[in-house]
1. Would any residue of the range 150-191 have its amide N under 20 Å from a label point 7 Å out along Cα→Cβ of Asp136? List them or say none.
2. Name the residues of the range 34-69 whose amide N is less than 16 Å from a point 7 angstrom out from the Cα of Arg252 along the C-beta direction?
3. Contour minus end-to-end for Phe187 and Met86, with contour as 0.36 nm per residue of separation and end-to-end as the Cα-Cα distance?
4. Once phi is turned into ³J(HN,Hα) by the Karplus curve 6.51 cos²θ - 1.76 cosθ + 1.60 with θ = phi - 60°, what whole-Hz value does each residue of the range 60-66 show in order, with x for glycine and proline?
5. Starting from the amide H of Ile77, placed 1.01 Å from N in the peptide plane, find each other amide H under 5 Å away whose residue is 5 or more places distant or on another chain.
6. If I take the Cα coordinates of the chain and project them onto the principal axes, what are the three extents in Å, biggest first?
7. Let me check I've understood the local charge: for Ala123, count other residues with C-beta under 14 angstrom from its C-beta, Lys and Arg +1, Asp and Glu -1. What total comes out?
8. From the phi angles alone, apply the Karplus equation (6.51, -1.76, 1.60; θ = phi - 60°) to the range 231-237 and give each ³J(HN,Hα) in whole Hz, x where the residue is Gly or Pro.
Amino acid sequence: MEKLVITVAGVGAETTKASQPALPVTAAEIGADAARCCEAGAAMYHLHVRDAAGQPTQAREVFAAAVEEIRARCDIIVQTSTGGAMGMTAAERLQPLELRPEMASLTTGTANFGDDVFCNDTALMKEFYTRMQAADVRPEFEIFEAGQIDNALRLVRQLGPAGPLMHWDFVLGVPGSMNGEPRNLVFLVDRIPAGSTWTCTGIGRWHMPVAMTALALGGNVRLGFEDNIFLHKGVLAKTNAELVGRVVRIAREWGRESASPDDARRILRLGPYAV
Ligand code: KMH
Ligand code: ZN
């Protein structure tokens, strides 16, 4: 079985310092967090950033500062968010693509997101996908609901591929969307094309059930304070790296070593491995 690619969604747009005091928000904090996670066994960092007031922003220069701090410390794959935060315009959300990151997230459909609606209509999806193709940025298809797989496949059919394979992230357990029961993950994985790579994340209490189902199915794992702030029920994780360390230990018991960033580039066929 391939090595385990661990992605850290360390910041997010919704988690607050009040709920998780160890949330990294400044560029230096994010750089240090990514380096600690990389050291602990993570290969990719799904990046959101915050402004000086700690609020989510998609400003290009704020992303650039965080990427610089990460790059100064480690070679983890940086995947910038195009999801941003609720209520942001498409133009705002697109800004980090100007930095031409190795990867960026792309949600292929609208979903209920707590009491809000995360809007990704067809025109937006096509625009985001086309921009990623033009900038040679590999999309990670963020799937909250089953029909979003069909939307991603339609993009590829209509607009052509955006890389040598499709990489998926099943985000399960957002209130209002699919939950993290094993049968849901099995159902979704069964629907993606052969040759795809996939990861998944369980939101809140779904973190460990989804991560363990992914190990059983041979998939990869995303975790971090964007998705879950707890180590155990009622016990906050001290750092994102602590969450990485637990999954690394469990996976090793299953005979699966964690991928380095360069292992992950090979597995996902990024950069020099994109042939
Ligand atoms: N913050 C959520 C509304 C992504 O990064 O692409 C959307 C999100 C997805 O986090
Ligand atoms: Zn995100």
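1. 160-167
2. 37-43
3. Once the chain is fully extended between Phe187 and Met86, it gains 33.6 nm.
4. 4, 5, 6, 4, 4, 5, 5
5. Correct list: Met44, Tyr45.
6. The principal-axis extents, from largest down, are 45, 42, 41 Å.
7. +2
8. 7, 10, 3, x, 10, 5, 5
Every number here is computed from the coordinates shown, using simple stated rules; none is lab data. The structure presented is a predicted model; accordingly, all values stated were derived computationally and were not measured. FYI the Cβ positions are ideal-geometry reconstructions off the backbone, even for glycines, and counts take in every protein chain you see.
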